Amino acid sequence: MRTALAALALLLAAPLLRADVVVLVNGDRITGRVVGKVTRRVRLQTPYGALVIPADKVERIRRDDGREEILNAPPAPPAALPPPPPPVRLLVAVSGQAFWQAWDPKAAPADPSLRLEVRLDDRPLATYTDVNLDPEDLPKAVVNSFVFSPERLFVGAAEGITASTPELAPAEIRLSVAAPPDLAGRHRLRLAYQVNDAGSAAPSWRDVVIAEGEIVLAPGAETRVRLSQDRGTMDYVRRRMRNVETFRATLEAAEPPVAP
């Protein structure tokens, strides 16, 4: 009896040893024997009964003889998007003497902060604000010496602009700014030291020293310029600043954009 049952099981399993595989569009696989011609439906005989599968749900049929019949090819993967163009980069190397301001304690502004603004044409790019006072420079005055120290400067950037904290290098300070590639081209670069004529809650920045020059920005490249500073005869005498107009900030001709 057991021999007869084993033989019957082998006979039932034999048709499935070399079975067709129906691969559905969702990735599922069903094994059986495809019966008849494939039209709008696929009829599949399985050990558990017959299945009728809509043909539009079947990606392909892998026949037991190795043939493969594709009913619905999988969609082609979307074409890879080209990488976005790289940003334009500006490096300002600052060298020379520091800019500073002093006030009589009785007439000092509400906010004695100093700010350096970087502007491209009429568009502000970045600001560097020094709110720290330096009383040891002139004990009887309110003094702010603009110091490019990463620990004491507040760095701000316009929307879409990245401004790094100042980098200290031998004999110079480096200010790095990255901007969108649509700013590539020829521009007028403007740097201005400013004082605040109002309080810190609603500042009103006024230019005191300005440096300007033509530059060319290129995607994926860094445009380097130098801001050379000289104090001139600027000084604090008799409780007020004198000869501020003699402080010179000169923007040297830009080097050609350099690829990183």
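Build a GNM of the chain with springs between Cα atoms under 10 Å apart, and of 236, 128, 48 the one that fluctuates most is 48. Computed across the range 68-110, the Kirkwood hydrodynamic radius from all distinct Cα-Cα pairs reaches 19.0 Å. Candidate cross-link partners of residue 106 among the lysines, defined by an alpha-carbon separation under 16 Å and a same-chain spacing of 8 or more, comprise 140.
Using the 1.4 Å probe convention, the accessible area of the chain works out to 60 Å² per residue with neighbouring protein chains retained. If one puts a single equal scatterer on every Cα of the range 76-154 and applies the Debye formula without solvent, what log₁₀ I(q)/I(0) results at q = 0.15, 0.21, 0.24 Å⁻¹? Normalising to I(0) and taking log10 leaves -0.68, -1.04, -1.20. On the basis of the beta-carbon distance and an R0 of 30 Å, residue 154 and residue 240 show a calculated FRET efficiency of 0.65. Would you list, by chain and number, the lysines whose Cα falls below 27 Å from the Cα of residue 37, excluding same-chain residues fewer than 8 positions away? Answer for residue 37, where 27 Å is the Cα cut-off: 57, listed by chain and number. Plainly put, the range 14-80 has a radius of gyration that is 1.02 times its Kirkwood radius, both from alpha-carbon atoms, as the Rg/Rh ratio. The range 65-88 and the range 158-224 have their alpha-carbon centroids 44 Å apart.
In whole percent, and with a 1.4 Å probe on the protein chains, what portion of the accessible area of the chain is carbon and sulfur? Here it works out to 55 percent. Comparing 224, 89, 188 in a Gaussian network model of the chain, where Cα atoms under 10 Å apart are tied by springs, the biggest mean-square fluctuation is seen for 188. Dividing the convex hull volume of the alpha carbon atoms of the range 108-209 by its residue count gives 127 Å³ per residue. Once fully extended, how much extra length lies between residue 79 and residue 60, figured as 0.36 nm per residue of separation less the alpha-carbon to alpha-carbon distance? Length gained, residue 79 through residue 60: 4.5 nm.
Sorting 64-75, 162-173 by average packing, meaning the other beta carbons within 10 Å per residue, from highest down gives 162-173, 64-75. Highest mobility in the GNM of the chain, judged by mean-square fluctuation with C-alpha springs under 10 Å and restricted to 19, 80, 211, is found for 19. Computed log10 I(q)/I(0) for the chain at 0.10, 0.13 Å⁻¹: -0.62, -0.88, from the Debye equation with unit scatterers placed on every C-alpha and solvent omitted.
The values are calculated or read from the model by the stated rules, or taken from the named source; none is laboratory data. All values derive from a computational prediction rather than experimental measurement. Here the Cβ is made from the backbone with ideal geometry for all residues, glycine too, and neighbour counts use every protein chain on show. Calculation scope for accessible area: heavy atoms of the full protein, side chains included, ligands and nucleic acids excluded. Shrake-Rupley method; radii C 1.70, N 1.55, O 1.52, S 1.80 Å.
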